[in-house]
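The structure appears right after this line, and notes come after that.
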Amino acid sequence: MQNLLEIRNVSKAFPGVKALDDVSVSVRAGTIHSLMGENGAGKSTLMKCLFGIYSADSGEFVLEGKKVSFVNSKQALEHGVSMVHQELNQVHTRSVMENIWLGRFPSGLLGIDHGKMYRDTLAIFKDLNIAVDPRAVISTLSVSQRQMVEIAKAVSHDSKILVFDEPTSSLSDVEVEHLFRIIFSLRDRGCGIIYISHKMNEILKISDDVTVLRDGRHVATTPAAELTIDTIITQMVGRELSNVYPPKANVPGDVLLKVEGLTATYRNLRDVSFELRKGEILGVAGLMGAGRTEMLESLFGLATVKSGKIFKGGAEIHNTGPRRAKRNGFAMLTEERRATGIFGVLNIRENTTIANIKKYLVKRLYLSSKSMSDDTVWSIGKFRVKTHSQFAKINTLSGGNQQKVIIGRWVLTNPDIYLFDEPTRGIDVGAKYEIYQLMIDLAKEGKAIVMVSSELPELLGVCDRILVMSNGRLAGTVDSSAGQEDIMMLAAKYV
């Protein structure tokens, strides 16, 4: 089968870091070629070099037999190369159809032809079976709907090569299957699909070929039919990983947090009651839109509470906002790392210390640079953040390393209760293990953790108990010995 795209001997370095070292990959027409590797292995960097976001230091790209070198993403799109990024980058105040056709609005006699834009968007949505109103404002959509809009935008360019970077990280199982049908349709039209994911079951299910990168180097390219999860892990990390989850060494103690009848004003959350114990990891399961994130945001003061009570240590508290919640010993890791987690224009040190800034004030006059640096060095070492310097901009890190920086930020505030919303989203298997171990270590110290995850094996492997949400209500509670079927039955209880 003809190679649609050839990536030949590409290298790319950033200050102090060799991100790509002589990497070569070939993508055949009408196939799905997956890229795998730990965070920082170079997967996204390679694709950004292809897409014109970065300029490769050496090497070349050959598309349909012709050498190409895109200086920006507009050129890439014009030549039939599209990329659906892991971190959504949309204009929140504009409509769905305006986001899809941004920079290429159809024109009419009186300016922009909104009617044609609407009809063209509807046609794409019908072809892809996407149920989203083209006139809806992007900010009113769920993360999964926004992801589907980005996929539709990539398809709208009639691309020959489509790159999907962690496209299922915000999707439910039903939405994942829908996405796969779209990808299979594009493959059958002769497109070359480059698929980046840490979810090995997905990779083995949909891929024709799998390339593994490690530390910026090409390790192997293998037909997916010849691979197993164990062989992929060994290629990725350079060693066998015998256990996906660390042993549970924490022992839950007395009740630390008690929630009674929690109901949000403008969110899908109604009459939720539960208890959280010291040293406990409490999971939260449910379908997309079930109210999992809404519950965490209500606890942290990000969502307005209509009714209900929250007790910590037996005393009623009122988290009227994140600042009050932080004073009351809460910390929250949000679901959307780029939008509400990192400060992209700041460096690693600033992102690490920003939630604890009062600690570094000296006589209320200036910040102690030494104390900030010491804590940042500790955090980088503790969470194994791959960086050449604490002064590197955080947006130069891989998504997984950005996540580690944010976790380190909150650990430095020394809270009693951690609210983790999809803490391992977009993180490789090795880094996931490290985060699981971190949570267990925190629980051993008596900290309490509430963890939302869309991955049921993860909840069952790490948590002591699991709350199951269904359409804004608590459908039931199970322990870690429950089966995935039991959880899904509860998740559909009020749908």
Quick one: count up the residues across region 30-63 that are under 15 Å from His218 (Cβ atoms), in a helix (DSSP H, G or I) and either of a type in the set (Gly, Ala, Ser) or open to solvent by 20 Å² or more (accessible area, probe 1.4 Å) (or both). 1
I need a count of the residues in region 422-466 that are within 14 Å of the chain's Cα centre (by Cα) and farther than 29 Å from Arg214 by Cβ. 1
Can you name the residue in region 315-344 that is touching a residue at least 40 places away in the same chain (Cβ under 8 Å) and assigned to a loop (DSSP other than H, G, I, E, B) and, of all such residues, is farthest from Glu87 (Cα to Cα)? Gly329
By residue number, the members of region 7-20 that are open to solvent by 50 Å² or more (accessible area, probe 1.4 Å) and in a strand (DSSP E or B) are Arg8, Asn9, Phe14, Val17, Lys18
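Is region 94-103 home to any residue that is of a type outside the set (D, E, K, R), open to solvent by 50 Å² or more (accessible area, probe 1.4 Å) and not in a loop (DSSP other than H, G, I, E, B)? Steps first, answer last, please.
In the first step, residues of region 94-103 are kept if they are of a type outside the set (D, E, K, R); the result is 95-97, 99-103.
Filter again for open to solvent by 50 Å² or more (accessible area, probe 1.4 Å), leaving 102-103.
This time we only want the ones that are not in a loop (DSSP other than H, G, I, E, B), so: none.
No, every residue in region 94-103 fails to be of a type outside the set (D, E, K, R), open to solvent by 50 Å² or more (accessible area, probe 1.4 Å) and not in a loop (DSSP other than H, G, I, E, B).
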Could you tell me whether any residue of region 415-424 is at pLDDT below 95, closer than 22 Å to Phe330 by Cα and open to solvent by 10 Å² or more (accessible area, probe 1.4 Å)? yes
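Would you mind finding the one in Gly279, Gly283 that is at pLDDT 95 or above, touching a Pro at 6+ places or on another chain (Cβ under 8 Å) and open to solvent by less than 10 Å² (accessible area, probe 1.4 Å)? It would help to see each step written out before you state the result.
On the way: Gly283 fails: touching a Pro at 6+ places or on another chain (Cβ under 8 Å).
Criteria check complete, one pass: Gly279.
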Filtered residue count, region 146-177, keeping only those that are of a type outside the set (Lys, Arg), open to solvent by 30 Å² or more (accessible area, probe 1.4 Å) and part of a helix (DSSP H, G or I): 4
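Does Met439 qualify as being open to solvent by less than 10 Å² (accessible area, probe 1.4 Å), part of a helix (DSSP H, G or I) and at pLDDT below 95?
Criteria met by Met439.
The values are calculated or read from the model by the stated rules, or taken from the named source; none is laboratory data. These numbers come from a predicted model, not from an experiment. Methodologically, a virtual Cβ is constructed for each residue, glycine included, from the backbone with ideal geometry; neighbour enumeration extends over all protein chains shown. For accessibility, only protein heavy atoms count, side chains too; no ligands or nucleic acids. Shrake-Rupley method; radii C 1.70, N 1.55, O 1.52, S 1.80 Å.
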